[in-house]
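The values are calculated or read from the model by the stated rules, or taken from the named source; none is laboratory data. Owing to the predicted nature of the structure, the values given are computational and were not obtained by experimental measurement. Heads up, the Cβs are rebuilt from the backbone with ideal geometry, glycines too, and the neighbour counts pull from every protein chain shown.
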Number of protein chains: 2
Amino acid sequence: MSKGFLLIVSGPSGCGKGTVCQELFKKNEELLFSVSATTRKPREGEIDGVNYFFVDEEKFTNMVNDNEFLEYAKVHYNYYGTPKKFVLEKIEKGEVVVLEIDVQGALQVKEAYPEAVSIFLVPPSMNELKNRIIKRGTETEKDINIRLENAFWELKFIDKYDYIVMNDEVIKAVEKIESIITAEKLKVKRHKNIMEKIIS
Amino acid sequence: MSKGFLLIVSGPSGCGKGTVCQELFKKNEELLFSVSATTRKPREGEIDGVNYFFVDEEKFTNMVNDNEFLEYAKVHYNYYGTPKKFVLEKIEKGEVVVLEIDVQGALQVKEAYPEAVSIFLVPPSMNELKNRIIKRGTETEKDINIRLENAFWELKFIDKYDYIVMNDEVIKAVEKIESIITAEKLKVKRHKNIMEKIIS
């Protein structure tokens, strides 16, 4: 049996990583979603245990102290973290675990777990990025500006990633990610005992 | 513009790399075929300049002396070599150049040009491999045995390759190679000046 891997789908706010991951999971039911813990309030339609584990700051702090996170960070006044145990157990069983995460978190995961496969999802242009952030309609003007500045800054870390996917069309971006998953599964390093299988 | 790459499709005799590459090119006309030079006699249907450059030993020796090969080797009484200039020029222009080659040649190319992306094509089993070599019908019994022994030996080098593709069905093997090509094109390292494009 071959080993699975952790697939990081990341990119600046407004790059569309949420929509892309939703579509990716709709088409590929065998993929596992790494559910993050967060202290931020649920947005409309978000379900606890599905989109996030919504926890309060006390609980989050305990998890940090118990070293239960692959990464954690404070982003825009809220804490986010990726529970470690879930991810590593599934990978060992051959599963592909997808982690949708902001750039800071992705860099931390890559540092703590370099075997992770990372995709940087980019918007077609900075104008498009601004439009998307504004359209979301959940942010104040100040928040929009913070997000745009962050996005500019985060683009500088693209070289730390393995793959780049332009999100000009969701369907095409998803197809590209599917190809990356297929290719990564075929990496020789994930197939131990392959010789034995062929010879027997 | 992003840089292209050299894709090595390799594997032991009888793994079906010829058939797989034929199908790959039929479906993906934008791919370039690295045409090898060889001193072996053309098989039925093979065309000079398309399947191989068929040259005599004197010409081949001159090319070796002029350092015109990315790799060359003697295999089963004949010489094979990959002309260097063609490959490197095309890659610089962003093209994907596919090199169908035996295991010894692939290892030499990887040594001389580590950026090459390499695929090891394996037959589903050693029995199947034997059947395929016999079916080809162009070999004597002695040749078949030499090829089988070589195949066993060559399987040991699988760890030197990037990807492994099982050739149980040609169509499926081709689809896997297509995914590898798509994914490799998306590697961050092939996209320079990507920041500038997004910001502008």
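Among the residues of the range A:123-132, is there at least one that is surrounded by 13 or more Cβ atoms within 10 Å (Cβ to Cβ), part of a strand (DSSP E or B), within 12 Å of another protein chain (Cβ to nearest Cβ) and touching a residue at least 12 places away in the same chain (Cβ under 8 Å)? No, there is no match, as no residue in the range A:123-132 is surrounded by 13 or more Cβ atoms within 10 Å (Cβ to Cβ), part of a strand (DSSP E or B), within 12 Å of another protein chain (Cβ to nearest Cβ) and touching a residue at least 12 places away in the same chain (Cβ under 8 Å). Inside the range A:88-120, residues that are crowded, with 19+ Cβ neighbours inside 10 Å, of a type in the set (A, V, I, L, M) and under 15 Å from residue A:24 (Cβ atoms) make up a count of 6. The numbered conditions (1) buried (at least 17 other Cβ atoms within 10 Å of the Cβ); (2) over 21 Å from residue B:174 (Cα atoms); (3) over 15 Å from the mean Cα position of the chain (by Cα) are all true for residue B:85 except (1).
Among (1) more than 9 Å from chain B (Cβ to nearest Cβ); (2) surrounded by 14 or more Cβ atoms within 10 Å (Cβ to Cβ); (3) among the small types (Gly, Ala, Ser), there is one condition residue A:137 misses while meeting the rest; what is its number? If we test residue A:137 against (1) more than 9 Å from chain B (Cβ to nearest Cβ); (2) surrounded by 14 or more Cβ atoms within 10 Å (Cβ to Cβ); (3) among the small types (Gly, Ala, Ser), just (2) comes out false.
For residue A:35, state whether it is without any contact (Cβ under 8 Å) to a residue 60 or more places away in the chain, surrounded by 14 or more Cβ atoms within 10 Å (Cβ to Cβ) and under 12 Å from the mean Cα position of the chain (by Cα). Yes; evaluated as a whole, the condition is true for this residue. Among the residues of the range A:163-180, is any surrounded by fewer than 16 Cβ atoms within 10 Å (Cβ to Cβ), among the basic types (Lys, Arg) and at pLDDT below 95? There is no residue in the range A:163-180 that is surrounded by fewer than 16 Cβ atoms within 10 Å (Cβ to Cβ), among the basic types (Lys, Arg) and at pLDDT below 95. Here residue A:78 passes the criteria (1) modelled with pLDDT under 90; (2) surrounded by fewer than 21 Cβ atoms within 10 Å (Cβ to Cβ) except the one numbered (1).
Right, residue B:120: modelled with pLDDT of 90 or more, outside any loop (DSSP other than H, G, I, E, B) and within 21 Å of residue B:17 (Cα to Cα) or not? Yes. Only one of the listed residues (B:75, B:117, B:109, B:98) is closer than 15 Å to residue B:33 by Cα, out of contact with any Lys or Arg (no Cβ under 7 Å at 6 or more places or on another chain) and away from chain A (no Cβ under 14 Å). That residue is B:98. In the range B:127-149, of all residues being at pLDDT below 80 and of a type in the set (S, T, N, Q), the one that is nearest to residue B:180 (Cα to Cα) corresponds to B:127. Filtered by the rule that a residue be modelled with pLDDT of 90 or more, surrounded by fewer than 15 Cβ atoms within 10 Å (Cβ to Cβ) and not small (Gly, Ala, Ser), the range B:41-59 gives B:41, B:42, B:43, B:44, B:46, B:47, B:48, B:56, B:57, B:58, B:59. Residue A:152 satisfies every condition listed in (1) within 28 Å of residue B:180 (Cβ to Cβ); (2) facing chain B (nearest Cβ under 8 Å); (3) in contact with a helix residue (DSSP H, G or I) (Cβ under 8 Å, 6 or more places away or on another chain) except (1). Scanning the range A:171-200 for residues that are within 10 Å of chain B (Cβ to nearest Cβ) and among the aliphatic types (A, V, I, L, M) gives A:177, A:180, A:181, A:183, A:186, A:188, A:194, A:195, A:198, A:199. Out of B:181, B:144, B:101, one residue alone is more than 21 Å from the chain's Cα centre (by Cα) and hydrophobic (A, V, I, L, M, F, W, C). It is B:144. Between B:162, B:143, B:168, the distinction of being facing chain A (nearest Cβ under 7 Å) and of a type in the set (D, E, K, R) belongs to B:162 only.
On the basis of being under 29 Å from residue B:40 (Cα atoms) and surrounded by fewer than 17 Cβ atoms within 10 Å (Cβ to Cβ), does residue B:192 make the cut? Criteria not met by residue B:192. When residue B:109 is tested against (1) in contact with a helix residue (DSSP H, G or I) (Cβ under 8 Å, 6 or more places away or on another chain); (2) at pLDDT 90 or above; (3) not small (Gly, Ala, Ser), only condition (1) is not met.
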